[in-house]
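A quick write-up on the structure given underneath.
Each value in this text was obtained by applying a stated rule to the coordinates, not by laboratory testing. Being a predicted model, the structure only gives us computed values, none of them experimental. Please note: Cβ atoms are built from the backbone with ideal geometry, for glycine as well, and neighbour counts cover all protein chains shown.
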Amino acid sequence: MRKLEFCKVVASGNDFVIIENNYPPGTRRYPLLAKNICGRKFGIGADGLLILEKSKIADIKMRIFNADGTEAEMCGNGARCVAFYTRSTLHAPRSTLKIETKAGIAESQVRADRVKIKLTQARDYQPRIAIKINGRELRIYSINTGVPHAVIFVEGVDTIDVSNIGRQIRYYECFAPQGTNVNFVEAINKNTIKVRTYERGVEDETLACGTGAAASAIVYSLQSTVYSQKNKINVITQGGETLKVYFDREGNKVDNLCLEGKVKIVYRGEYYV
């Protein structure tokens, strides 16, 4: 039996287990480890497992394993957790850090308990995709903010059956083969939206999703007739925290996409493999 030192970190209700990759090869079966370690009953409990490795092109490399063991290209809140952990635990000399991910380099800035992360370039925007769920036609917007996201505008977002409807959209044929995350969005005022997200890999609703918040904010700005063009949108998450999404926009082109919110280390410990 081997002991793995870990740290549990939370960003806006998204919780992650962080492990540094400095263990013998026998412990590197990450998909299985992620399933076990993220289990709420027999494991530590988390939305995902974040593995830290050395990087030749950034300050640190982050590998992201969802609770179901699948590896993700990017995770906005996970990257914020890694930036905070690297700054506070590994004593990075600078408050600005570069994190290597499968989706590209994510740049971060740590100020006390707030972390701002510059996400990779948003791409593959598709407006008004028509699909049919439970006999009802829905209009969906799709965009990739490091991972694919579907965005649906609704009224009364608190009453939506996110787990059921989100699961059906996540596997819809137009998003095959990798599937998509699904965001239900309600406009609160000109610069504020509330978002509930069904996350692929977790296969359920989570309390927040960083890339989902960014995707929802971008699509809202592109489709809204009342958005004030201040290049900042407040995103209220199901966990209660309001994330801030910043970007520059010229027509349908979005650049300098950033996500900001609080991060907290919950506890540290040893996990037995």
Practice task
Quickly work out the Asp161-to-Ser55 label distance, labels modelled 7 Å from Cα along the C-beta direction, and quote it in nm with one decimal.
Solution key: 4.2 nm
Problem - Modelled FRET efficiency - R0 30 Å, Asp124 with Glu5, Cβ distances, 0.05 increments - result: 0.20
Handout entry: Per-q log10 I(q)/I(0), segment 123-258, q = 0.10, 0.12, 0.18, 0.19 Å⁻¹ (Debye; single scatterer per alpha-carbon; no solvent)
Key = -0.28, -0.40, -0.95, -1.07
Problem - Projected label distance in nm at Lys41 and Asn231, using a 7 Å step from Cα toward the beta-carbon - result: 5.0 nm
Exercise for the section: Provide the gained length on full extension for the span Thr192 to Glu250, in nm with one decimal, where the gain is 0.36 nm per separating residue minus the Cα-Cα distance. Expected result: 18.9 nm
Problem - At 1.567 mPa s and 4 °C, Stokes diffusion of the chain via Kirkwood alpha-carbon radius, µm² per second - result: 69 µm²/s
Problem - Dipole in debye (nearest 20) - the chain, about Cα centre, beta carbon charges: Lys, Arg +1; Asp, Glu -1 - result: 580 debye
Problem - Kirkwood Rh (inverse of mean 1/r, distinct Cα pairs), segment 66-123, angstrom - result: 11.9 Å
Problem - DSSP-defined beta bridges in the chain - what % are antiparallel, rounded to 5 - result: 80 percent
Completion exercise
For segment 1-109 the GluC sites (Glu not before Pro) that pass both the DSSP coil test and the at-most-16 other-Cβ-within-10 Å test are Glu73
Handout entry: In segment 92-180, the trypsin sites (Lys or Arg not before Pro) that fall in loop regions by DSSP, at most 13 other Cβ within 10 Å
Key = Arg94
Practice task
At 0.36 nm per residue, minus the direct Cα-Cα distance, what do Ile133 and Ile265 gain on full extension? Give it in nm, one decimal, please.
Solution key: 43.6 nm
Practice task
Pop out the Kirkwood hydrodynamic radius of segment 1-120 from its pairwise C-alpha distances, inverse of mean 1/r, in Å to one decimal.
Solution key: 14.3 Å
Practice task
State, as an integer percentage, the relative contact order of segment 61-167 based on alpha-carbon contacts under 8 Å between residues 6 or more apart.
Solution key: 18 percent
Practice task
State the Cα centre-to-centre distance between segment 46-109 and segment 168-242 in whole Å.
Solution key: 22 Å
Problem - Helix-only mean residue ellipticity at 222 nm for the chain, each DSSP H run of n ≥ 4 adding -39500 (n - 2.57), per residue, nearest 500 - result: -5000 deg cm²/dmol
Problem - Residue-span extension gain [Tyr171 to Asp204] - 0.36 nm each, minus C-alpha spacing - result: 10.6 nm
Practice task
Can you figure out the FRET efficiency of Ala112 with Ser224, using R₀ = 22 Å and their beta-carbon distance, to the nearest 0.05?
Solution key: 0.10
Completion exercise
Ranked by GNM mean-square fluctuation in the chain (Cα springs under 10 Å), the top entry among Ile169, Ile57, Ile233 is Ile57
Handout entry: Selection from Phe184, Ala46, Cys258, by position along the positive dipole direction of the chain (Cβ)
Key = Cys258
Practice task
Kindly provide the GluC sites (Glu not before Pro) of segment 129-198 that DSSP labels as loop, not H, G, I, E or B, and whose Cβ sees at most 14 other Cβ atoms within 10 Å.
Solution key: Glu155
Exercise for the section: Below 26 Å Cα-Cα, how many Lys pairs turn up in segment 123-258? Only count pairs eight or more apart in sequence, or on different chains, if you could. Expected result: 14
Practice task
Treating cross-link reach as a plain straight distance, find the lysines whose alpha-carbon is under 28 Å from the alpha-carbon of Lys41, omitting any fewer than eight places away in the same chain.
Solution key: Lys3, Lys8, Lys262, Lys264
Exercise for the section: Return one number: the angle in degrees, 0 to 90 and rounded to the nearest 10, between the long axis of the Cα atoms of helix 210-223 and the longest principal axis of the Cα atoms of the chain. Expected result: 20 degrees
